[in-house]
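S.K.: Quick one: the structure is below, questions incoming.
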Number of protein chains: 2
Amino acid sequence: MKRNVLIVGAGGVGHVVAHKCAQNNDVLGDIHIASRTRAKAEAIVDSVHAKGSLKTGGRLLAHGLDALDVERTAALIRETKSAIVINVGSAFLNMSVLSACLATGAAYIDTAIHEDPLKICETPPWYGNYEWKRQAECASAGVTAILGAGFDPGVVNAYARLAQDDYFDRIDSIDIVDINAGDHGRYFATNFDPEINFREFTGQVWSWQKGRWTSNKMFEVGKEWDLPVVGKRTAYLTGHDEIHSLSKNLDVPDVRFWMGFGERYITVFNVLKNLGLLSEQPVRTAEGQEVIPLKVVKAVLPDPSSLAPGYVGKTCIGDVVKGVKDGKAREVFIYNVADHAEAFAEVGSQAISYTAGVPAVAAALLVANGAWDVRKMVNVEELAPKPFLALLDRMGLPTRIKDAEGDRRLRFAEPARETAQADPVPAA
Amino acid sequence: MKRNVLIVGAGGVGHVVAHKCAQNNDVLGDIHIASRTRAKAEAIVDSVHAKGSLKTGGRLLAHGLDALDVERTAALIRETKSAIVINVGSAFLNMSVLSACLATGAAYIDTAIHEDPLKICETPPWYGNYEWKRQAECASAGVTAILGAGFDPGVVNAYARLAQDDYFDRIDSIDIVDINAGDHGRYFATNFDPEINFREFTGQVWSWQKGRWTSNKMFEVGKEWDLPVVGKRTAYLTGHDEIHSLSKNLDVPDVRFWMGFGERYITVFNVLKNLGLLSEQPVRTAEGQEVIPLKVVKAVLPDPSSLAPGYVGKTCIGDVVKGVKDGKAREVFIYNVADHAEAFAEVGSQAISYTAGVPAVAAALLVANGAWDVRKMVNVEELAPKPFLALLDRMGLPTRIKDAEGDRRLRFAEPARETAQADPVPAA
């Protein structure tokens, strides 16, 4: 039986999710896209038709929805007979969309942690503030909720689990490195909503080091990495969702996240932050107008979706894992390289949106075929990684590994339909 | 007879002008300060009393005035029996204040060129766009109007004239260099109204080279200068008022202005300009609010007057003049060094305001004693420089010269009351 899908959110990631669901609508069935601004969802429907992305005949419909309204969201799930909800809307919507899934029994998949619009950078572990408080609720309702199933978090969590399963007896450190070596040709632009982008970096940087939470300032700790394809790049210790689940689910003393930033980004960020232009607190102009500076910065920056057509270059995202196997020290880098122009040619988006959106659809396919339909709340590293990586290989995000034996593609067999169960992390 | 003075403008320069007029009220008589915001004028009156700046008993009064209203301004000149108006208000007020002087016969002195709020960086010569169109009107009314009598423009024009009179048979180039080596201890701040400050640099840079107007971009042409006290500093070719009169009044092929900027200023300026945050055109936020970005930048920056208490370090401003004397090549640097903390101790302002305000009062004293009461419109280089420099030496802005013979203070005798006349630049 096909499983209808409701996509919540019609931004760059929603655009990719819709195209990839369409490419797999022989499994997923009807596809519904809901956005507060219905016209944005309609534009995506048009784009899917223009690209001819639908694999077989099937319904593809746009809806207007305020997803903070649980009743309306639940009603739309019922009306559309959706079995799976892929939430790629604003980070402020997660809890209300999850509530609608609990009310209807639909499976829930998202790609980023829940945020309270009034709070920046809460205390770790971030999943403990909202998501994990609802684990029991999901389990007793038998509702599958897969948290953070984008690329990072998401695929990098599966890489970490794969390392633990196949490559190490003991892991000492996991360093997730995210490099965008692409060029959009603008003086400055963010790859997604500037407001959300800057919020990620204005608070303190939490990392998991020596088995405890450690705090730094943004751009305080930088390190040069020499990576396949993109070469030598400086990345900075950055707070990120996946640290907050891997630190709990894997027994690893050091889990860090490193984001690559060019000089230009850092300069612009520092100027805006130091002047107070990233503030969410209103200021008053000499003429008496009350204005939130961050909203004005967002207004003058390029619309992120406008960057895709001219975007060139590649991303490289993966896990540098160090530890011991068979009594010997070992280091591996498990990673993917994506190409902005190829992503645009396939689905009309740049690679930042592509890498975030494709994995959420792979997760939906695994829920649909039963492999990941675990009827409780999980993070990606709690699920079997190989069926996921097998699907991603076919769907445009191949996995590679670089270690002492060389640099090579990793291939896994796609699973037949199987009995759903979580795949507990084995004790070391 | 004493000559009452009306000061228009109660910003940082108005503050200095009021203190210096008070220190010379045995000559100048009653002092009136007018501002659109009367409370700002009253604060200056309080400051003059607190410092005990009044030399003799005399009236010192604050007024509320919209100086764009010529009738009201003329009425205030008559009511206060002011013989001299020192206009140190917004650059947008010059023409209306001049009109009020023409209507009443009062002498007019300003320190910066007239600007139209809707136009940035008009075609050269800038004085030709507004001021010089009214030369005939001033001459026929017998009204003295001294344009640009601050430091730069102002004192640097007198330095250029002094060089021509005493040091050269032929001048090949005048490079005016303005270095502020002070430190206000903030991440970033402008020394005067940020809106006016940024307007100076967002247009093209006009300079007078090889006898014609030359255009560059801001920060396109930089040069390291090695100056007394402040040492080696990089300054950039910048558009500035005095080029637009010196190029006409002196027969010199190259007249350039160089402003010193630290790396921080340039970085912040470039980021804000490139992002569009210095724009005077409104943008619309995602929430639908119409906002002028430059007004928001102004709102988040420190109030320039708040910088004075902690300001340390020195300014160095002067003219590098090259040419020929007695058949031999010659180079001189005629300059002043001012100290932020000393200025604050004396009048409660930093040195940027001090160097701009003191010369305007020296000019007023020369009008009062007749030496500069020329009953027509002139730029400073058209007037005898030595009485001006003599007064400045006594009033806190000594003149120094550095040349092949060394680095020394220049002193001139203060003139007795004399018959007023312009001092035409002699033919070379």
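S.K.: Using a 7 Å offset from Cα along the direction of the beta-carbon, what are the separations from B:ASP169 to the same position in each other copy, nm, ascending?
M.R.: 9.6
S.K.: If each of A:GLN281 and A:ALA404 carries a label point 7 Å out from its Cα toward its Cβ, how far apart are those two points in nm?
M.R.: About 5.5 nm, to one decimal.
S.K.: Now for a different question. Roughly how many nanometres apart are two label points built 7 Å out from the Cα toward the Cβ at B:LEU68 and B:ARG170?
M.R.: With each label point 7 Å from Cα toward Cβ, the separation is 5.0 nm.
S.K.: Out of A:ALA364, A:LEU410, A:ALA308, whose Cα points farthest toward the positive end of the dipole of the stretch A:282-428 (charges: +1 Lys, Arg; -1 Asp, Glu; placed on Cβ)?
M.R.: Checking the options against the dipole of the stretch A:282-428, the answer is A:LEU410.
S.K.: Please report the orientation-averaged projected area of chain B, defined via the convex hull of its C-alpha atoms, in nm².
M.R.: 20.3 nm²
S.K.: Have a look at A:TYR354, A:TYR167, A:TYR335 and tell me which one the Gaussian network model of chain A (Cα, springs below 10 Å) gives the largest fluctuation.
M.R.: Its mean-square fluctuation being the largest, the pick is A:TYR167.
S.K.: Okay, moving on. Using a 1.4 Å probe on protein heavy atoms only, how many Å² of accessible area do B and A hide from each other, summed over both chains and rounded to 100?
M.R.: 2100 Å²
S.K.: Between B:ASP226 and B:THR267, what is 0.36 nm times their sequence separation minus the Cα-Cα distance? Round to one decimal in nm.
M.R.: That pair, B:ASP226 and B:THR267, stretches by 12.5 nm at full extension.
S.K.: Within straight cross-link reach of B:LYS328, meaning Cα distance under 18 Å, which aspartates and glutamates are found once same-chain residues fewer than 8 apart are removed?
M.R.: The qualifying aspartates and glutamates are B:ASP165, B:ASP166, B:ASP169, B:ASP172, B:ASP403, B:GLU405.
S.K.: Can I ask one more? In nm to one decimal, list the spacings between the B:ARG59 label point and its equivalents in the other copies, with label points set 7 Å along Cα to Cβ, shortest first.
M.R.: Distances to the matching label points in the other copies: 8.6 nm.
S.K.: Measuring nothing but label to label, 7 Å from Cα along Cα→Cβ, what are B:ALA413's distances to the other copies in nm, shortest first?
M.R.: 11.2
S.K.: For B:SER349, list long-range residues whose amide hydrogen, built 1.01 Å from N in the peptide plane, is under 5 Å from its own amide hydrogen.
M.R.: Placed amide hydrogens put B:PHE344 under 5 Å from B:SER349.
S.K.: Kirkwood hydrodynamic radius, computed over distinct alpha-carbon pairs, for the stretch B:279-385: how many Å, to one decimal?
M.R.: 18.4 Å
S.K.: Shifting gears a bit: Would you work out if the stretch B:1-94 is rounded, prolate or oblate? Take a ≥ b ≥ c from the square roots of the eigenvalues of the alpha-carbon gyration tensor; rounded if a/c is under 1.5, else prolate when a/b is larger than b/c, oblate otherwise.
M.R.: oblate
S.K.: Two decimals is fine: what is log10 I(q)/I(0) at q = 0.10, 0.15, 0.22 Å⁻¹ for the stretch B:110-217, from a Debye sum with one equal scatterer on every Cα and no solvent?
M.R.: At q = 0.10, 0.15, 0.22 Å⁻¹ the computed log10 ratios are -0.41, -0.93, -1.49.
S.K.: Further question: Whole Å is fine, so just give me how far the alpha carbon centre of the stretch A:329-393 lies from that of the stretch B:142-209.
M.R.: The two parts, judged by their Cα centres, are 62 Å apart.
S.K.: Note down the magnitude of the dipole of the stretch B:1-127 about its Cα centre, charges +1 on Lys and Arg C-beta and -1 on Asp and Glu C-beta and zero elsewhere, to the nearest 20 debye.
M.R.: Dipole about the Cα centre, nearest 20: 440 debye.
S.K.: In square angstrom, what is the accessible area per residue of the stretch A:155-342 with a 1.4 angstrom probe?
M.R.: 39 Å²
S.K.: Still on this structure, please answer the following. When the gyration tensor of the protein assembly as shown is built from Cα positions, what are the square roots of 5 times its three eigenvalues, in whole Å, from largest to smallest?
M.R.: Gyration-tensor ellipsoid for the protein assembly as shown: 70, 28, 23 Å.
S.K.: Apply the Karplus parameterisation 6.51 cos²θ - 1.76 cosθ + 1.60, with θ equal to phi minus 60°, to every residue of the stretch B:134-145 and state each ³J(HN,Hα) to the nearest whole Hz, in sequence, with x for glycine and proline.
M.R.: 10, 4, 5, 4, 5, 5, 6, 7, x, 9, 6, 9
S.K.: Between A:LYS210 and B:ILE196, what is the spin-label point distance in nm, taking each point 7 Å from the Cα along the Cα→C-beta axis?
M.R.: Output for this residue pair reads 5.6 nm.
S.K.: Kindly write out, for the stretch A:96-102 in residue order, the coupling ³J(HN,Hα) from the Karplus curve 6.51 cos²θ - 1.76 cosθ + 1.60 (θ = phi - 60°), rounded to whole Hz, with x marking Gly and Pro.
M.R.: 6, 5, 4, 4, 5, 5, 4
S.K.: Step through the residues of the stretch B:71-86 one at a time and calculate ³J(HN,Hα) from phi using the Karplus curve (6.51 cos²θ - 1.76 cosθ + 1.60, θ = phi - 60°), rounding each to whole Hz and writing x for Gly and Pro.
M.R.: Coupling constants for the stretch B:71-86: 4, 5, 5, 4, 4, 5, 4, 5, 4, 8, 6, 7, 9, 9, 10, 9 Hz.
S.K.: Could I ask something else about it? What accessible area, in Å² to the nearest ten, does a 1.4 Å probe give for A:MET395?
M.R.: That residue has around 10 Å² of solvent-accessible surface.
S.K.: Putting +1 on Lys and Arg Cβ atoms and -1 on Asp and Glu Cβ atoms, find which of A:PRO194, A:ALA181, A:ASN249 reaches farthest to the positive end of the dipole of the stretch A:162-257.
M.R.: Final value for the positive-end residue is A:PRO194.
S.K.: Once the Cβ-Cβ distance between B:HIS49 and B:LYS133 is put in as r, and R0 is 45 Å, what FRET efficiency do you end up with, to the nearest 0.05?
M.R.: The pair B:HIS49/B:LYS133 has a calculated efficiency of 0.65.
S.K.: Sequence-distant or interchain residues sharing an amide H contact under 5 Å with B:TRP225, placed H: which?
M.R.: Amide H neighbours of B:TRP225, under 5 Å, 5+ apart: B:ARG233, B:THR234, B:ALA235.
S.K.: Per 5 Å bin, what is the whole-percent P(r) computed from every C-alpha pair distance within the stretch A:216-312?
M.R.: Spelled out per bin, shortest first, that is 2, 10, 13, 15, 17, 17, 12, 8, 4, 2, 1, 0.
S.K.: Now a separate question. Over all Cα pairs of the stretch A:155-342, how is the pair count split among 10 Å bins, expressed in % and running from 0 up to the last occupied bin?
M.R.: Whole-percent P(r) values from 0 Å outward: 9, 31, 33, 18, 7, 2, 0, 0.
S.K.: Same structure again: In the structure shown, do any of A:LYS223/A:LYS402; B:LYS210/B:LYS376; A:LYS217/A:LYS322; A:LYS20/A:LYS81 have a Cα-Cα gap over 28 Å, and if so which?
M.R.: B:LYS210/B:LYS376
The values are calculated or read from the model by the stated rules, or taken from the named source; none is laboratory data. Predicted, not measured: the structure shown is a model, and the values here were computed from it. Virtual Cβ from ideal backbone geometry, glycine too; neighbours counted across all protein chains shown. The accessibility values were calculated without ligands, DNA or RNA, using every heavy atom of the protein model including side chains. Shrake-Rupley method; radii C 1.70, N 1.55, O 1.52, S 1.80 Å.
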